[in-house]
Amino acid sequence: MERRTIGTGVLSVGAVGLGCMPMSWAYSGSRQRSEESLRAVHRALDLGSDLLDTADMYGPFTNELLLGRVLRERRADAFVSTKAGLLVGDQHIVANGRPGYVRRACDASLRRLQTDVIDLYQLHRADPEVPVEETWGAMADLVRAGKVRALGLCAVGARGGRRSGNGLYDGTLRQLKRVQQVFPVSAVQAELSVWSPEALTALLPWCAERGIGFLAAMPLGNGFLTGTLTPGQGFEPDDLRARHPRFTAEMMAANQPLVAGLRRVARRHGDDVTPAQVALSWVLAQGPQVVALPGTKRERWARENAAAAALRLTPEDLAEVAALPPALGSWD
C-alpha cells in the first residue's frame, strides 16, 4: 500500500483510508450490520488502509463504539481520525464549539474508541456563536495534553446550490487562515471526486502550498461512481441519497456518461479493474498529499478500494476523465 503523509510528515497513512460513516449513519439503516462492518474494518487494516475516519455524531456515538471494538485489539495498526463540533438532536444538527464542550467531547471519544490518543482530531463545523480561534485553541490544548496528535478542519460542503468551484470554499479558507495563527492545521477534509471536483479550484492548492494533508471525502460520489446503482432504484427514507439532487431517477440516468467513461478507462487496465478503482485512482492523482476516504460497510468493497492505490492512470486516462461531462443535479 502506497503511503501518504498528513501535515508535517510525522504522520504516515495509506493512500486509501476507510470512511466509517456508512456503518452506522446516513445510509440505509436496515443494511447496517455491526459484524459485517467489523470484518470490513479488519480487512481494511490488513490491506494497509489504516486511516479510519469517524465522528462522534455518526450514530450518534455508535460509529466510534464500533471502531473501539477493533482498536482494543489492533490500535497499533490504525490511524484514528475522529471529529467533534456537531450535536445531533431530534430532526436537527447544531454546532457547538465551546471550549468546555470540546474537551468533554474528546474525553468521550477516547473512551468510546478505547484508546488513549486520537491521531487526528477534526473540527466538524465551526460554531457561529463562538470565535473559531477559541474552539481551535481548546483543541490545541488537547494536543499539548497528549490526548491528540494533530488537528484537522472539515470544509463546509460543496452542495450549496448551482455555484461553480470558484469561491465555493472561500469561507473555509478564511477559517483556515484564522486557525493557522493559533495552532498548525495538519489536514483538511472536503468532498473530492470525479463528479464533485470543486476543491481543485482553490482549497486543494491552498493545502498543497502549505504541506497540509487533504482527506478526500466521498471520492466515489456516494456510491454512484461505482456503477453498481441503478437509476430509479429508490433509497430508504433514512438514506441521505433519498434527498440528494443527483440521485433522482432522472439525474441518475443523465449522469450515466460519467460511469461509462470510468468503465472505458477501467477496461484498458484489465478485466478485474472497476470504475470505482479508476475513480479512486483519479482522486489520488490530484496530489501526493491526497488521501482517499471511500466509505463502505462491506469487506468486499474495502478490499476493492484498497487495491485502487496500486492503479496508475496514464496521462491519456486522466485527460479522458477530465473531458467527461460535469455531473448534473436536479437544480440544473
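The values are calculated or read from the model by the stated rules, or taken from the named source; none is laboratory data. What you are looking at is a predicted structure, and each value in this text was computed from that prediction instead of being measured. All Cβ positions, even for glycine, are placed from backbone atoms using ideal geometry, and neighbour counts span all protein chains on display. Please note that ligands, DNA and RNA were not included when accessible areas were found on the heavy atoms of the full protein model with its side chains. Shrake-Rupley method; radii C 1.70, N 1.55, O 1.52, S 1.80 Å.
Which residues make up the longest stretch of the chain that has no trypsin sites (Lys or Arg not before Pro) in a DSSP loop with at most 16 other Cβ atoms within 10 Å?
Details: sites that count: Arg33, Arg159, Arg162, Arg163, Arg312.
Within the chain, the longest run free of exposed trypsin sites (Lys or Arg not before Pro) spans 164-311.
If Lys and Arg each add +1 and Asp and Glu each add -1, what is the summed charge of the other residues whose beta carbon sits under 14 Å from the beta carbon of Ile212? Value of the local net charge: +2. Global dimensions of the stretch 244-322 from alpha-carbon coordinates: Rg and Dmax equal 13.2, 36 Å.
Accessible surface computed residue by residue for the stretch 192-295, with neighbouring protein chains in place and a 1.4 Å probe, gives 37 Å² per residue. For Lys177, a cut-off of 18 angstrom between C-alpha atoms picks up these aspartates and glutamates, skipping any fewer than 8 places away in its own chain: Asp127, Glu133, Glu134, Glu209. A full extension of the chain between Glu36 and Glu316 corresponds to an added length of 97.0 nm, given 0.36 nm per residue minus the alpha carbon distance.
Using C-alpha pairs below 8 Å separated by at least 6 residues, the relative contact order for the stretch 1-126 is 23 percent.
Once the piece of chain linking Arg263 and Arg75 is laid out straight, how much longer is it, given 0.36 nm per residue of separation minus the C-alpha distance between them?
On the way: separation 188, 0.36 × 188 = 67.68 nm, distance 3.68 nm.
Extending this stretch completely gives an extra 64.0 nm.
Before anything else, pin down the relative contact order of the stretch 210-298: Cα pairs under 8 Å, at least 6 apart, normalised by residue count, whole percent.
Working: 93 pairs, mean separation 38.2, N = 89.
Once divided by the residue count of the stretch 210-298, the mean separation gives 43 percent.
Of the residues Val259, Phe235, Thr54, the one whose Cα sits farthest toward the positive end of the charge dipole of the chain, with +1 on the Cβ of Lys and Arg and -1 on the Cβ of Asp and Glu, is Thr54.
The alpha-carbon atoms of the stretch 1-148, seen along their principal axes, cover 41, 39, 23 angstrom, with the largest extent given first.
Of the chymotrypsin sites (Phe, Trp or Tyr not before Pro) found in the stretch 246-332, those in coil by DSSP whose Cβ has at most 13 other Cβ atoms within 10 Å are Trp331.
One way to sum up the overall shape of the stretch 114-154 is the equivalent ellipsoid from its Cα gyration tensor, whose semi-axes run 20, 11, 7 Å, largest first.
The value given for the stretch 138-241 is a Kirkwood hydrodynamic radius of 15.5 Å, derived from the mean inverse Cα-Cα separation. Measuring nothing but alpha carbons in the chain and taking Rh as the Kirkwood radius, the Rg to Rh ratio lands at 0.94.
The stretch between Gln233 and Thr8 holds 76.5 nm of extra length on full extension. This uses 0.36 nm per residue minus the Cα-Cα distance. The equivalent ellipsoid that matches the C-alpha gyration tensor of the stretch 38-107 spans semi-axes of 26, 13, 9 angstrom, in descending order. Note on the chain: antiparallel DSSP beta bridges, both residues inside, total approximately 25 percent of the bridges counted.
Quote the relative contact order of the chain in percent (integer), defining contacts as alpha-carbon pairs under 8 Å separated by 6+ residues. Numbers along the way, then the final one.
On the way: 643 pairs, mean separation 71.8, N = 332.
Rounded, it is 22 percent for the chain.
In straight-distance terms, cross-link reach from Lys83 covers every one of the lysines whose alpha-carbon lies under 17 Å from its own, apart from those fewer than eight places away in the same chain; here that gives Lys147.
Restricting to DSSP H runs of at least four residues, report the calculated mean residue ellipticity at 222 nm for the chain, -39500 (n - 2.57) per run over all residues, nearest 500 deg cm²/dmol. Please report the intermediate quantities before stating the final value.
Details: 11 runs with 119 residues, N = 332.
That calculation yields -11000 deg cm²/dmol at 222 nm.
Assuming charge only on the beta carbon of Lys and Arg (+1) and of Asp and Glu (-1), the dipole of the stretch 39-186 about its Cα centre is about 160 debye to the nearest 20.
Dipole magnitude for the chain: about 260 debye, using +1 per Lys or Arg Cβ and -1 per Asp or Glu Cβ, origin at the Cα centre.
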